[in-house]
Amino acid sequence: MPNLTATQTIILSAGAQRRDNLAMPLPKGLHGAAAQKVVSMMIGRGWLEEVDANIRKGEPLWRETGDGHGTTLVVTETGLLAIGIEPVVVKTMAAIRTYAAQPPAPKPPTPRPGTKQALIIALLQRPEGATIAEIVVATGWQAHSARGMISGALKKKLGLPVTSEKVDGRGTVHRLNAS
């Protein structure tokens, strides 16, 4: 087992406990030239690896690459061995954490029968579809409410594949595809 400084031990131990073995963020008070020196030495010894950061997942940045992307630091298997942790144990623990963090698969939403939402869905499922004017007559709503129901509740919330097309003589016709 190599001789590690207290800072190196803290970085590797914290990374081993984080999801995907992220070494970032670095310990409080370690920044600037001191952080650069420690990290460079750890990368040189193979304990840390610089990888592309997934900004959408909120991974912390080590440095920006200049092309709108950035990198983060990950503890390698060699780094885990340096602090006496078997990589197999870490992979197993990460898999358990990932499995436990996944919520159960949501059941597909089904509208209650007899509601205006169910009425609109039925109108849109017809082969000829429905215009906003037809939905307004059927529901008694204002036109903006009918459009909001289609774009908000049906498309965004329920994820239904509603399409729109201009039809001569009718205007914009909305249909719920049976795909």
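The values are calculated or read from the model by the stated rules, or taken from the named source; none is laboratory data. All values derive from a computational prediction rather than experimental measurement. As a convention, Cβ positions derive from the backbone with ideal geometry for all residues, glycine included, and neighbour counts pool all protein chains shown.
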Handout entry: Residue list for region 51-84, restricted to those being in contact (Cβ under 8 Å) with a residue 24 or more places away in the chain, β-branched (Val, Ile, Thr) and surrounded by fewer than 17 Cβ atoms within 10 Å (Cβ to Cβ)
Key = Thr78
Exercise for the section: Collect the residues in region 145-158 that are more than 14 Å from Leu124 (Cβ to Cβ) and out of contact with any helix residue (DSSP H, G or I) (no Cβ under 9 Å at 6 or more places or on another chain), keeping them in residue-number order. Expected result: Gly148, Gly152, Lys156, Lys157
Problem - Val39 closer than 24 Å to Gly84 by Cβ and either at pLDDT 90 or above or touching a Gly at 6+ places or on another chain (Cβ under 7 Å) (or both) - result: yes
Practice task
Restrict the check to region 136-155 and report whether at least one residue is within 28 Å of the chain's Cα centre (by Cα), farther than 30 Å from Glu77 by Cβ, surrounded by 15 or more Cβ atoms within 10 Å (Cβ to Cβ) and modelled with pLDDT under 85.
Solution key: no
Fill in the blank from the handout: Given (1) charged (D, E, K, R); (2) in a loop (DSSP other than H, G, I, E, B); (3) at pLDDT below 80, Lys28 misses just (3)
Completion exercise
Note on region 1-21: residues within 16 Å of Thr78 (Cβ to Cβ) and either free of Cβ contacts under 8 Å to residues at least 24 places away in the same chain or hydrophobic (A, V, I, L, M, F, W, C) (or both) are Met1, Asn3, Leu4, Ile11, Leu12, Ala16
Problem - region 31-50, subset in contact (Cβ under 8 Å) with a residue 12 or more places away in the chain and assigned to a loop (DSSP other than H, G, I, E, B), residue surrounded by the most Cβ atoms within 10 Å (Cβ to Cβ) - result: Trp47
Problem - Candidate set from region 1-25 (those that are assigned to a helix (DSSP H, G or I) and among the β-branched types (Val, Ile, Thr)); member that is surrounded by the fewest Cβ atoms within 10 Å (Cβ to Cβ) - result: Thr9
Practice task
Scan region 94-104 and give yes if some residue there is surrounded by fewer than 16 Cβ atoms within 10 Å (Cβ to Cβ), among the small types (Gly, Ala, Ser), assigned to a helix (DSSP H, G or I) and at pLDDT 80 or above, otherwise no.
Solution key: no
